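Single-structure report; data block below.
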Amino acid sequence: MVQKLKYFFGYTAIFFLVLSASIAFTINFTPLYSFDIDYLNIEQMTGFSKDVILDNYRILMQYLNLPWIAELKMPDFPASESGLFHFHEVKRLFLLDYAVLGVSAAATVLFLRMVKKEQGYWRMLNPLRLMIAAPLVALTVIFMNFDRLFVAFHGVFFNNDAWIFDARTDPIILALPQDFFMHCFVLVFVLLELALVLLYFWVRRKVKTT
């Protein structure tokens with residue numbers, strides 16, 4: 001029973017490590033946003049050049065990523081109190097993701113050491129197969145109805161409607177269209193799937209060589 005619990009928590013740590021790492025990579029992958037500025041015609045929607053939009057986006061990302069930056073000031077995009085409050089909540093989610101990444105990484109290292117000591121790699125194969133299936137289901141949901149998923153996501157992580165921006169008071173929403181977030185969701189789950197598949201084949205090789 002104790003061993004089963006150890007492996008369960010180990011699998012959980014692996015999943016959260018890969019998920020949080022995929023999220024961390026995606027939210028900091030500026031080339032995706034740079035591509036979407038052109039692909040989604042964000043210059044036309046905002047009335048600003050690509051360079052100006054990217055400069056403001058970098059300021060926003062610095063605020064969201066760095067705990068010691070306590071105030072958000074985008075030079076070309078004014079923000080309402082409600083908008084600033086929402087970004088403050090998003091900042092907390094960013095920092096929570098980094099905390100989960102650190103804790104799950106440490107737990108995964110300890111778990112893999114235990115697995116190596118016990119030669120228990122074979123135990124990981126079926127759980128990894130299940131983990132690999134999860135992102136495929138998520139990607140299907142994203143493509144079928146992202147609008148509902150987007151609303152549900154905000155309902156889970158925010159207990160208010162501050163995330164519903166008015167372009168007149170928070171023009172930054174014009175620079176962050178919903179399709180950009182869909183692309184982010186897709187990238188997260190593609191990275192998650194890729195990492196889990198690679199881990200599965202690594203574990204399978206370990207099983208064959210032990």
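The values are calculated or read from the model by the stated rules, or taken from the named source; none is laboratory data. A quick note: this is a predicted structure, and the numbers were derived from the prediction, not measured. FYI the Cβ positions are ideal-geometry reconstructions off the backbone, even for glycines, and counts take in every protein chain you see. For the accessible areas, the whole protein counts, side chains as well, though only heavy atoms, and no ligand, DNA or RNA atoms are used. Shrake-Rupley method; radii C 1.70, N 1.55, O 1.52, S 1.80 Å.
What relative contact order, as a whole-number percentage, does the chain give when Cα pairs under 8 Å and 6 or more residues apart are counted?
Working: 158 pairs, mean separation 73.8, N = 210.
About 35 percent, as a whole number.
Can you pull out the chymotrypsin sites (Phe, Trp or Tyr not before Pro) in the range 53-112 that DSSP calls coil and that have at most 10 other Cβ atoms within 10 Å?
Taking the range 53-112 and a limit of 10 other Cβ atoms within 10 Å, the loop chymotrypsin sites (Phe, Trp or Tyr not before Pro) found are 68.
Note the per residue figure in Å³ for the convex hull of the C-alpha positions in the chain.
On the way: hull volume 29.6 nm³, N = 210.
Measuring per residue, one finds 141 Å³ for the Cα hull of the chain.
Taking 0.36 nm per intervening residue step and subtracting the Cα-Cα distance, what contour gain separates residue 28 from residue 209 on full extension?
Numbers: separation 181, 0.36 × 181 = 65.16 nm, distance 3.73 nm.
Value of the extension gain: 61.4 nm.
In the chain, which whole DSSP H runs stretch at least 18 Å along their own axis (Cα) and average 0.0 or higher on the Kyte-Doolittle scale?
2-27, 81-118, 125-144, 178-209
Restricting to DSSP H runs of at least four residues, report the calculated mean residue ellipticity at 222 nm for the chain, -39500 (n - 2.57) per run over all residues, nearest 500 deg cm²/dmol.
Details: 9 runs with 163 residues, N = 210.
Mean residue ellipticity, 222 nm, calculated: -26500 deg cm²/dmol.
Using bins 10 angstrom wide from zero, how does P(r) for the range 1-118 break down, in % of all Cα pairs?
12, 31, 27, 16, 10, 4, 0
Given a Förster distance of 25 Å, report the FRET efficiency between residue 106 and residue 35 from their Cβ-Cβ distance, rounded to the nearest 0.05.
Here the calculated transfer efficiency is 0.15.
Set the Förster distance to 45 Å, then compute FRET efficiency between residue 55 and residue 201 from the Cβ-Cβ distance, nearest 0.05.
It comes to 0.60.
Using a simple spin-label model with points 7 Å from Cα along the Cα→Cβ vector, what separation in nm is obtained for residue 141 and residue 5?
Between residue 141 and residue 5, the simple spin-label model gives 2.9 nm.
Rounded to a whole number of µm²/s, how large is the Stokes-Einstein D of the range 23-75 at 10 °C and 1.306 mPa s, given Rh as the Kirkwood radius over C-alpha pairs?
Numbers: Rh = 11.9 Å.
Answer from the Stokes-Einstein relation: 133 µm²/s.
May I ask you to give the percent of accessible area on the range 1-209 that is carbon plus sulfur, with a probe radius of 1.4 Å?
C and S fraction of accessible area: 67 percent.
Accessible surface of residue 163 in the full protein assembly, 1.4 angstrom probe, to the nearest 10 Å²?
Estimated to the nearest 10 Å², residue 163 gives 50 Å².
Hey, with R₀ at 41 Å, roughly what FRET efficiency would residue 122 and residue 99 work out to, going by the Cβ-Cβ distance, to 0.05?
About 0.80, to the nearest 0.05.
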